[in-house]
Amino acid sequence: MAQKLSILMPVYNEVNTIEEIIRRVMAAELLLERELIIVDDCSKDGTRDKLQKINQPGIKVLFHEHNKGKGAAVRTAIGAITGDFAIIQDADLEYDPREYGKLLEPLLDGRADVVYGSRFLGGPHRVLYFWHYVGNQFLTTFSNAINNINLSDMETCYKAFKADVMRSLDLKSNRFGIEPEITAKVARRHCRIYEVPISYSGRGYEEGKKITWKDGLSALWCIIKFRFF
Ligand SMILES: Nc1nc2c(ncn2[C@@H]2O[C@H](COP(=O)(O)OP(=O)(O)O)[C@@H](O)[C@H]2O)c(=O)[nH]1
Ligand SMILES: [Mg+2]
């Protein structure tokens, strides 16, 4: 039987991009079968109405009754995985589904248990905020130091897994702590982690970016928490 990729999409207030990202995910060239699992995290901007109308084979839509955060949405999606591999896909247009093939390669040929798509390995990327870059580098370096690994982009959305590995992580974070939590757990289990360069079409705050310095601080706390507690 053909192998399948489960694409996990956490969504919160993405009315301007949701239709286009779904189109791109379903159109991306892929050697595997695919299923798209969308989790609406109680959007209030009309995204929910759009999602309620979806009735397309290969797309599952789940709804949270309250806003719980990206981590919670990813966890809900994990519960619905039926594929052999899984990847996290944000619902904005910052990451490009045409790169799934590249991300899956080390998983499909059996070298890797987990693959991170790195925005900092020379792929084309939009030039954006200095302090985001500094914050990203700091969080990645700190996480590397305490987990003894050498990632270049811990906070990337594009993390691809063998489905069993993803389920076994038993994730607990509800918000953006999900990224340090995944990283600490795959490092502690000595999963074989690969990185591949990806492109990054970052968006500005005027285009709907939501992450702030407070999320950076909470990520810092999560790095410590998931390593030591
Ligand atoms: N900010 C935020 N994003 C959420 C939440 N729940 C799900 N998401 C989704 O998680 C993904 C990452 O968030 P995003 O705001 O794009 O991060 P940013 O691009 O760094 O601002 C997006 O697909 C969001 O729609 C939530 O409670 N808050
Ligand atoms: Mg984003």
Got a sec? Which helices (runs of 4 or more DSSP H) wholly within segment 42-118 have at least 3 residues that are within 16 Å of ligand 2 (Cβ to nearest atom) and within 30 Å of residue 149 (Cβ to Cβ)?
70-78
I want to confirm something. Restricting to segment 186-214 and keeping residues that are in a helix (DSSP H, G or I) and buried (at least 18 other Cβ atoms within 10 Å of the Cβ), which single residue is farthest from ligand 2 (Cβ to nearest atom)?
187
Every residue from segment 109-131 that is touching a residue at least 40 places away in the same chain (Cβ under 8 Å) and either open to solvent by less than 60 Å² (accessible area, probe 1.4 Å) or within 14 Å of residue 160 (Cα to Cα) (or both)
111, 112, 113, 114, 115, 116, 117, 118, 119, 123
Mind listing just one residue for me: the one in segment 64-99 that is in contact with a His (Cβ under 9 Å, 6 or more places away or on another chain) and open to solvent by less than 10 Å² (accessible area, probe 1.4 Å) and, of those, farthest from residue 26 (Cα to Cα)?
72
Being open to solvent by less than 10 Å² (accessible area, probe 1.4 Å) and not aliphatic (A, V, I, L, M) is the filter; apply it to segment 145-172 and report the residue that is farthest from residue 214 (Cα to Cα).
161
Test result for residue 102, open to solvent by 40 Å² or more (accessible area, probe 1.4 Å) and basic (Lys, Arg):
yes
For segment 44-63, name all the residues that are surrounded by fewer than 14 Cβ atoms within 10 Å (Cβ to Cβ) and basic (Lys, Arg).
44, 53
Given the options 183, 156, name the one that is outside any loop (DSSP other than H, G, I, E, B) and either away from ligand 2 (no atom under 16 Å from the Cβ) or at pLDDT 90 or above (or both).
183
Yes or no: residue 21 part of a helix (DSSP H, G or I) and either open to solvent by 50 Å² or more (accessible area, probe 1.4 Å) or in contact with a helix residue (DSSP H, G or I) (Cβ under 9 Å, 6 or more places away or on another chain) (or both)?
yes
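The values are calculated or read from the model by the stated rules, or taken from the named source; none is laboratory data. Note that the structure is a prediction, hence the values are computed from the model and not measured. In this analysis, Cβ positions are derived from the backbone assuming ideal geometry, glycine residues included, and neighbour counts consider all displayed protein chains. The area values use the complete protein model at the heavy-atom level, side chains included, leaving out ligands, DNA and RNA. Shrake-Rupley method; radii C 1.70, N 1.55, O 1.52, S 1.80 Å.
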